[in-house]
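Following: one structure in structure tokens, then a few remarks.
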Amino acid sequence: MLKTRIIPTLLWKNIGLVKGIGFDSWRIVGTVLPAIKVYNTRQVDELIIVDILATRENSELDLRALEDFSAECFVPLTVGGGIKNIDDVRKILCAGADKVCINSALFETPELVSEIAKKFGTQCVVGSIDAKKVNGKYECFSHSGTKSTGKEVVEWAKYLESLGAGEILITSIEKDGTMEGYDLELIKKVTEAVKIPVIASGGAGNYEDMYNALDKAKASAVAAASIFHFTQQTPLEAKRYLSSKGIAVRKG
């Protein structure tokens with residue numbers, strides 16, 4: 001049986017960590033290296049770090065900073081932001097990342113998924129989907145949730161899987177940062193459409209929210225940020241709660 005993963009998400013902006021609501025990430029909540037060091041001690045399964053300015057500003061991810069982050073990170077590290085081509089992926093992996101998480105570039109060059117899968121393996125590429133309901137249907141957005149793509153979420157997820165994506169990270173823009181629970185309808189639509197693991201993101205406020213995403217919506221893993229930044233809840237306690245509810249988790 002595959003075991004559930006608890007994955008803190010770190011939104012990296014300039015030199016700091018930020019968080020907000022609905023992808024409006026303005027509140028500074030710390031810096032990256034101390035956060036990584038804390039998570040090393042809290043039995044997380046993986047970490048996701050996303051440079052939220054790189055794509056918006058068409059800039060390159062700071063590889064020197066990433067090298068510093070990865071040197072201190074003792075769990076698998078997924079990195080996203082500003083990735084446009086296979087050379088960007090190579091540089092990020094060489095800087096210490098284990099996987100790359102890509103969203104915006106895939107709407108222009110979806111074949112990048114296949115290139116990464118062929119060169120580095122399917123386990124290396126996470127297809128990121130940021131979604132919002134538009135006229136009653138879930139639509140994909142790019143550039144940190146600022147640009148509508150016109151792509152329907154389920155069809156896009158199936159397409160990314162067919163190209164070789166190893167996982168899907170599905171984030172609800174409307175739930176992001178609210179701590180009101182994941183969008184279970186959105187997550188379930190994706191999990192029912194693909195066979196690869198689906199990481200639920202956007203809205204976790206307590207351990208029960210995580211349980212619902214896993215049990216009701218059938219996610220393979222849960223990503224979260226605000227719950228760990230703004231409350232006393234921890235990844236280890238999340239695992240204990242989920243285990244008590246019959247969810248298989250990775251032991252520290």
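Of all aspartates and glutamates in the structure, the ones whose alpha carbon falls short of 15 Å from that of Lys119, not counting any fewer than 8 places away in one chain, are Asp87, Asp88, Asp98, Glu111. Remark: for residue pairs Lys37/Lys239; Lys13/Lys147; Lys137/Lys245; Lys3/Lys251; Lys91/Lys118, the C-alpha separation exceeds 21 Å in Lys137/Lys245. Given the choices [x] 0.92; [y] 1.05; [z] 0.98, Rg/Rh (Cα atoms, Kirkwood Rh) derived from the coordinates of this structure is entry [x].
Rounded to the nearest 5, the antiparallel percentage of DSSP beta bridges internal to segment 5-242 is 35%.
For segment 122-137, 3J(HN,Hα) computed residue by residue from phi via the Karplus equation (6.51, -1.76, 1.60; θ = phi - 60°) reads 5, 5, 7, 10, 10, x, 9, 10, 9, 10, 8, 6, 10, 6, x, 10 Hz, glycine and proline entered as x. Among Phe141, Phe107, Asn206, whose Cα sits farthest toward the positive end of the charge dipole of the chain (+1 at Cβ of Lys/Arg, -1 at Cβ of Asp/Glu, about the Cα centre)? Final value for the positive-end residue is Asn206.
Over 18 Å between C-alpha atoms is what I'm after, so list which of Lys158/Lys195; Lys132/Lys216; Lys84/Lys132; Lys189/Lys218 land there.
Details: Lys158/Lys195 9 Å; Lys132/Lys216 20 Å; Lys84/Lys132 23 Å; Lys189/Lys218 10 Å.
Violating the 18 Å limit, Cα to Cα: Lys132/Lys216; Lys84/Lys132.
As a proxy for reagent exposure, Arg64, Arg42 were ordered by neighbouring Cβ count within 10 angstrom, fewest first; the result is Arg64, Arg42. Return the aspartates and glutamates within reach of Lys133: Cα separation strictly under 14 angstrom, same-chain partners fewer than 8 residues apart disregarded; answer none if there are no such residues. Cross-link targets: Glu152, Glu174, Asp176, Asp183, Glu185.
Between Val75 and Glu108, what is the FRET efficiency for a Förster distance of 35 Å, r being their Cβ-Cβ separation, to the nearest 0.05? Kindly include the intermediate steps, with their values, before the conclusion.
Values: r = 31 Å, r/R0 = 0.90.
Computed FRET efficiency for Val75 and Glu108 comes out at 0.65.
In this structure, the amide hydrogen of Gly181, modeled 1.01 Å from its nitrogen in the peptide plane, lies closer than 5 angstrom to those of Ala204, Gly205, counting only residues at least 5 positions away or on a different chain.
Its Cα centre serving as origin, segment 5-242 has a Cβ charge dipole (Lys and Arg +1, Asp and Glu -1) of approximately 220 debye.
Here, each number is a calculation from the coordinates, and none is a lab measurement. Here the structure is a predicted model, which is why all the values come from computation and not from measurement. When we count neighbours, we look across all protein chains shown, and the Cβ atoms used for this are built from the backbone with ideal geometry, even at glycine.
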